[in-house]
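The values are calculated or read from the model by the stated rules, or taken from the named source; none is laboratory data. Keep in mind the model is a prediction, meaning the values are calculated, not measured. All Cβ positions, even for glycine, are placed from backbone atoms using ideal geometry, and neighbour counts span all protein chains on display.
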Amino acid sequence: MGNARNIAFWVVLFLLILALFNLFSGGQSTLASNARNYSDFVTAVEAGNVSQVTLDGEEVRYTGTDGRQYVTIKPEDAQITDLLIAEGIPVQARSQEQSTFTTFILSLLPFLLLIGVWIYFMNRMQGGGRGGAMGFGKSRAKLLTEKHGRVTFDDVAGIDEAKDELEEIVEFLRNPQKFSRLGGKIPKGALLVGPPGTGKTLLARAIAGEAGVPFFTISGSDFVEMFVGVGASRVRDMFEQAKKNAPCIVFIDEIDAVGRSRGVGYGGGNDEREQTLNQLLVEMDGFEANEGIIIVAATNRPDVLDPALLRPGRFDRQVQVPNPDIKGREKILGVHARKVPLGPDVDLRIIARGTPGFSGADLANLVNEAALMAARVGRRFVTMVDFENAKDKVMMGSERRSMVMTEDEKKLTAYHEAGHAVVGLNVPQHDPIHKATIIPRGRALGLVLSLPERDQLSVSLTKYKSKIAMAMGGRVAEELIFGPENVTSGAASDIQQVSKIARAMVTQFGFEPDLGYVDYANEQQSYLGGYSGGTNHSAATQKMIDDKVKEIIDEGYHTAKRILTERADDLERLAQGLLEYETLTGNEITRVIAGEPLNRGDDDPDPTPPSGGASVTAIPKTGGRRKPGLEPEPSA
Ligand code: ADP
Ligand code: MG
Ligand code: ZN
């Protein structure tokens, strides 16, 4: 690895030393104390005081009859050889070759240095990869062998449909006659489409482990280089390799890096990327379906892909890899929990129920965090409490117990969060409240987390309105308790959130009949998918949209105000409860509001009992009171 780079380094070092050496040795002979004038030398010769002479270019070294060495420089036109021979003095001449060679090298030195530096950077740009400076246009596809990634289909869980489709493709490669006998065409390519972290790369590696055919993997960004033409020749090279190794699978990860729509982007597109994409399209057309090469690609941005890539005959299969549902999550947790010792109380189904919206990668992370939490307190296995804490950490950020809040801030946060919770408990169709806390977490000073009971596929108008009312509850509580002049900037993220929801309701979901059922948000499409910039609707429409958004938010504000005025006692009790206990679970919130005592054991400082049958989890976006400009996030 980095061979060429090393060689370049040594060459440069060697040349530098040579140059230094030359400088010194050259200097020494002239600076030395035994230097003589040329005329002294001639006088000495004529006086017969010289016993031996060595000629080395312009340098004349001679030994006097006193036995000492002298040196002098002869003028260019001086002819001394005849004189010396006439005087009968032995003359030695040094070959000039070596010194001209050295001068030659020295004159080349700057160029060699430049070349060395160039090679060095080339190598860096290629990530020090194989092939060195000569391997520019070489594809960087790596051949994955079984030794490399021992991933099998068993390691992939919860995305069975995608798995089945890919297993079928592997079957094509193993047994092509079975399918072509009936005249069917074997697909050329499959495109894995899905959000980040759902296991697309993992699935591809599993195919590599299972297919029993060579599996080349390359990332889309490997094609994209600074140098024109490199990407295209890499594509060519990759397909050459693939043809030599057929039947085989070529996997292009993150293909959107190279497959973006042509003619779109900053400054009207990128020629180099377009060339690369064109070459890819040409190559995909250039081999027959039955040649035994299957291209599998993955992306989480199918919307930006060039339509030509998706045309039948190229990636004729699109395999959806969605976020897992509850059963899928349980299986994925099972896969990752194989590696950690679980306590007897751990029920993966409950964790799965509490994590809607989590991707496979999130779940892997959750298991890892839980194991770390258990290790931190010195447990020998991972318990449900660890999972619960890990979930809070993943969803809400780490607790920041060290952050100092003044008593006033704490009180304000308590009423703010209590306001969210009380409104959330009293609006229709709202997700159950999972937890409320005034311990700072991540960027939030406090948090109320409400989690859907089931995975959500669509959301009703009423539910959106309830969400907005709940989000406004924090600010409204501050106003009611501390007076309108004492409200804080802590509601900034609530306001941001309601604006986003309300705008989507108006411009995308068609919830405002006055504006009709028009998608105002994504209309900036132009001819053939290019981007034209600007919006298509008139200023009047824009004003109407803005008015409606404000109207919806105002309505939520008034709902929150009505609820919190009617339920002032609830608000008071919950805020006091939060001030006392700092964190309350959904059940505890109900008890505190009902005025029941909480009998908590004092041995557990952060009571997060496994949420038995209670509903739990998802997007942590509900009602955090944030203090802007508090960052940076804890790096724990
Ligand atoms: P993607 O390529 O879709 O963005 P990855 O395949 O890189 O996601 O997934 C990242 C990690 O998340 C994997 O290495 C694996 O540990 C975990 N993971 C994701 N999906 C799954 C799954 N379906 N089954 C098991 N583990 C998964
Ligand atoms: Mg990936
Ligand atoms: Zn808030």
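Across the stretch 309-336, what is the total count of residues that are assigned to a helix (DSSP H, G or I) and either in contact (Cβ under 8 Å) with a residue 40 or more places away in the chain or not aliphatic (A, V, I, L, M) (or both)? The qualifying residues number 12. Filtering the stretch 461-517 to residues that are closer than 17 Å to H558 by Cβ and either touching an Asp or Glu at 6+ places or on another chain (Cβ under 6 Å) or not assigned by TED's automatic domain parsing to the domain that holds L449 (or both) leaves A471, G474, V487.
Only a single item in (1) touching a Lys or Arg at 6+ places or on another chain (Cβ under 7 Å); (2) within 24 Å of M284 (Cβ to Cβ); (3) of a type in the set (V, I, T) is not met by V156, and it is number (2).
State which residue is modelled with the lowest pLDDT when the search covers only the stretch 25-84 and only residues that are of a type in the set (D, E) and part of a strand (DSSP E or B).
Start the filter on the stretch 25-84 by keeping residues that are of a type in the set (D, E), which leaves 40, 46, 56, 58-59, 66, 76-77, 82.
Those left that are additionally part of a strand (DSSP E or B): 56, 59.
Values: D56: 78, E59: 81.
Restricting to residues being of a type in the set (D, E) and part of a strand (DSSP E or B), the top hit is D56.
State whether one or more residues within the stretch 149-161 are assigned by TED's automatic domain parsing to the domain that holds I293, surrounded by 19 or more Cβ atoms within 10 Å (Cβ to Cβ) and at pLDDT below 85.
We begin by selecting, within the stretch 149-161, every residue assigned by TED's automatic domain parsing to the domain that holds I293; these are 149-161.
Filter again for surrounded by 19 or more Cβ atoms within 10 Å (Cβ to Cβ), leaving 151, 156-159.
From the residues that got through so far, the ones that are at pLDDT below 85 too are 151.
Yes, the stretch 149-161 has at least one match.
Just so you know, in the stretch 243-272 the residues that are modelled with pLDDT of 80 or more and of a type in the set (K, R) include one that is surrounded by the fewest Cβ atoms within 10 Å (Cβ to Cβ), and it is K244.
Suppose the filter is more than 25 Å from D285 (Cβ to Cβ) and away from ligand 3 (no atom under 16 Å from the Cβ); does A206 pass it?
Values: more than 25 Å from D285 (Cβ to Cβ): yes; away from ligand 3 (no atom under 16 Å from the Cβ): yes.
Judged against the criteria, A206 is a match.
When restricted to residues that are surrounded by 22 or more Cβ atoms within 10 Å (Cβ to Cβ), within 13 Å of ligand 3 (Cβ to nearest atom) and at pLDDT below 90, the stretch 442-493 contains 9. With respect to the stated conditions, G292 fails to be buried (at least 17 other Cβ atoms within 10 Å of the Cβ), away from ligand 3 (no atom under 16 Å from the Cβ), modelled with pLDDT of 80 or more and closer than 26 Å to D164 by Cβ.
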